[in-house]
Amino acid sequence: MRAQVFTILVTIFGWGFALLYLLPFFWMVGTSFKPIGEWGLPTPLPANPTSRNYIEVLVTGGIYGVRGHFPPILRYLVNSVIISSSVAALTSILGAVTAYGVLRYRAGGAFFANWVLSLRMIPPVVILSPLVVLTKTIGLYNTLGGLIFVYPIITLPIVTWFMIGAFKSVPRETEEAALLDGCTPFQVFIRIALPQASIGLATSAIFAFLFSWSEFLIPLLLAPSETAMPLTAFAGYFSNQYGILWGPLSASAVIISLPVIMIAIAIQRYLVRGLTLGFIK
Amino acid sequence: MKSPGLTFILPAMVYLSVLVIYPTIYLYYMTFHTFNPLYDLAPRYAGLQNFFVIAQDADAGYSILAMLFLTSITVPAQLALGSLIAILFTSPRLRGRLVLRSIMLIPLSIPAVIVGLNWKMIFFTYGPLNTFLTAVGLEPQPWLSAPFGNSFNTFFVLAVLDIWQWTPFVALAVAAGIESIPQQIQEAAALDGASRLQMIRHIVLPLSKTIIIIILLFRLIDSLKIFDIIYMLTFGGPGNLTTTLPFYIYKVGFTLTAAKADIGYASLLSVVLLLIATVLVLMVLTRVLNVRRVVWE
């Protein structure tokens, strides 16, 4: 009896706490469905829910028929998808190759492994001004290609270290047998090691995607115009220009957040491992 | 046969060298130059001028303190609150804890810019928080624009945002630690009549020491990068109250109309931030994460 009461209390407390904790987020979701007159009202739920914010933000642009301010964000969404998936593909392959060399052949020794790890810890703002110069010199400033070129500075260290962990759980014996049978090291990597670490590879690609999707500072400084600007940078920039248009802003925020929330929940088993580069399993 | 390992790491080595080593060299080169594209056509050699400027720049010193101050609020709060949540969320008595754990991933996964946008709405002068304060009979506060009055408010707001976003990460990691304690140990302790809290205090906490240190270091390092939420909520203001070092670098190096705007000077500030980060990185690499052990053994 006493145990049951305790169970109920813990459950009520746990759920109450979580709902309160997430209230700001639910508030944003609620606001995104509010019609124009209710944007500023201090109520979490819309009295007359509407999907107009979403339609205008995504497709038609403008705010309640007034055009000129709010362009449709579809274009930025497409930029985000292109950048994030390219970075995910690029860094997961490059990171896997590198991790394999570091783990199996001790290539570069502890110094190289340490150096890659230390890149995770550099605040990006520090090296962005040289990178502006660099991308301008090679003609990649303000292009999708430029962002795809620079983002790996964030994602490559993460993916490399994550893949080191993934390859560690692949047994060496089959690889050694294949080497004795005359396969080249690269064939062993492609045909034997990589397939066995495929879950790790997929997860690290997803991590690269998540980190690229959320990146704000790099596109803010390297891609100031709409041709390459991804959605996060646009949302930040736009919110500073037209501060209190809460309805459309909330709608775009929900559109940006939804994919990453779903991905994070789908891979939650690996989330801690990924965020700590495999140091916490 | 020559070791094929080098072939494996060569592409990444070249790539990262272009992305990191070239900019670092450029950074050191620029610390001896001054350059503001608004007035100058090209960087001009300036000797030690930037070093004299930084020595007399009270804003630079303040921005370092502001950065460390913000860190000193957020990181301990995240660790404490995160550990408590982890204990709650690993309790076998909590019904639906798997669902709860999933939805607690929301703050963690949304981009920091969106966290900023979200909370800007909450802290808005006529927003829900102030309405709530008025309703319960308290004074509404100008959370984001208190130039005189209670200037702690604005720091508090930024701290709340970062704590909100990253506490679930700490909770998740600590929960992983709690759950990795072997079942036998827990059963043995339960047989000896240990309560759950006693078990956490005497078994879980000592065993998860390494985990907690790793979390601490990752949080410390990331808190030196806090930028997005400052950009979104305060833009370093009011005045330069919330201008932490990364944001000061942004202002000096990328907002050409700001006071002291100069890419050379921003480079010197960047070197300072790099040094602070390096000290932390060395602590991580030497004390906690022995790479030789983690990777090859």
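The values are calculated or read from the model by the stated rules, or taken from the named source; none is laboratory data. None of these values were measured; they are calculated from a predicted model. FYI the Cβ positions are ideal-geometry reconstructions off the backbone, even for glycines, and counts take in every protein chain you see. To get the accessible areas, we keep the full protein, side chains included, count just its heavy atoms, and leave off ligands, DNA and RNA. Shrake-Rupley method; radii C 1.70, N 1.55, O 1.52, S 1.80 Å.
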Problem set entry | Helix-only [θ]222 nm of chain B, DSSP H runs n ≥ 4, -39500 (n - 2.57) each, per residue, nearest 500 | -20000 deg cm²/dmol
Problem set entry | Rounded to 10°, Cα long-axis angle of helix A:23-32 versus longest principal axis of chain A | 60
Seminar exercise, completed: Note to self: C-alpha centroids of the stretch A:53-91 and the stretch A:132-185 sit apart, in Å, by 29
Exercise. For the stretch A:74-89, what does the Karplus curve 6.51 cos²θ - 1.76 cosθ + 1.60, with θ = phi - 60°, yield as ³J(HN,Hα) per residue in whole Hz, taken in order and with x for Gly and Pro?
Worked result: 3, 4, 5, 4, 4, 3, 4, 5, 4, 4, 5, 6, 5, 4, 4, 5
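Go ahead and run the numbers for FRET between residue A:26 and residue A:78, Cβ-Cβ distance against an R0 of 25 Å, rounding to 0.05.
Details: r = 28 Å, r/R0 = 1.13.
Once rounded, the FRET efficiency stands at 0.30.
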Exercise. Loop-only check: which chymotrypsin sites (Phe, Trp or Tyr not before Pro) in the stretch A:189-281 are DSSP coil with at most 14 other Cβ within 10 angstrom?
Worked result: A:242
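For chain B, what's the relative contact order in percent, using C-alpha pairs closer than 8 Å and at least 6 residues apart? Numbers along the way, then the final one.
Details: 295 pairs, mean separation 82.1, N = 297.
It comes to 28 percent, rounded to a whole number.
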Exercise. What is the magnitude of the charge dipole of the stretch A:74-241 about its Cα centre, with +1 placed on the Cβ of each Lys and Arg, -1 on the Cβ of each Asp and Glu, and no other charges, expressed in debye to the nearest 20?
Worked result: 160
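Put A:168, A:34 in order of accessible area, largest first, 1.4 Å probe: what do you get? Working shown, then result.
Working: A:168 90, A:34 0 Å².
Output order, biggest surface exposure first: A:168, A:34.
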Exercise. Roughly how big is the protein assembly as shown's charge dipole about its Cα centre, with Cβ charges of +1 (Lys, Arg) and -1 (Asp, Glu), in debye to the nearest 20?
Worked result: 860
For this session: Compute the long axis of helix B:209-223 from its Cα atoms, compare it with the longest principal axis of the Cα atoms of chain B, and write down the angle in degrees, 0 to 90, nearest 10.
Result: 30
Exercise. Cα gyration tensor of chain A, axes a ≥ b ≥ c as square roots of the eigenvalues: rounded (a/c below 1.5), prolate (a/b > b/c) or oblate?
Worked result: oblate
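If you take each beta carbon of peptide B:96-109 and count the beta carbons of other chains within 10 angstrom, what is the mean?
Working: counts 4, 5, 1, 2, 6, 3, 5, 8, 5, 8, 11, 5, 6, 14.
Across the residues of B:96-109, the mean count of other-chain Cβ atoms within 10 Å is 6.
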For this session: Report, to the nearest 10°, how far helix B:112-123 tilts away from the longest principal axis of the Cα atoms in chain B, using its own Cα long axis and a range of 0 to 90°.
Result: 80
For this session: For the stretch B:18-29, take each phi angle, set θ = phi - 60°, evaluate the Karplus expression 6.51 cos²θ - 1.76 cosθ + 1.60, and give the result in whole Hz per residue in order, putting x for glycine and proline.
Result: 4, 6, 10, 5, 4, x, 5, 4, 4, 4, 5, 4
For this session: Enumerate the calculated ³J(HN,Hα) couplings along the stretch B:257-264 in order (Karplus 6.51 cos²θ - 1.76 cosθ + 1.60, θ = phi - 60°), each rounded to whole Hz, writing x wherever the residue is Gly or Pro.
Result: 8, 5, 4, 6, 4, 6, 5, x
Problem set entry | Calculated [θ] (222 nm, deg cm²/dmol) that DSSP helices of n ≥ 4 give over chain A, each run adding -39,500 (n - 2.57) | -21500 deg cm²/dmol
Problem set entry | Charge dipole (debye, nearest 20) of chain A; +1 at Cβ of Lys and Arg, -1 at Cβ of Asp and Glu | 320
Problem set entry | Positive-end residue of B:65, B:256, B:100, charge dipole of the stretch B:58-259 with Cβ unit charges | B:100
For this session: Positive end of the charge dipole of the protein assembly as shown (Lys, Arg +1 and Asp, Glu -1 on Cβ, about the Cα centre): tell me which of B:241, B:205, A:272 has its Cα farthest that way.
Result: B:205
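Say R0 is 56 Å: what FRET efficiency, to the nearest 0.05, do residue B:205 and residue A:58 get from their beta-carbon distance? Could the numbers behind the result be given before it?
Values: r = 48 Å, r/R0 = 0.87.
Using R0 = 56 Å, I get an efficiency of 0.70.
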Seminar exercise, completed: A student applying the Cα gyration tensor rule (rounded when a/c is under 1.5; otherwise prolate if a/b is larger than b/c, oblate if not) would label chain B oblate
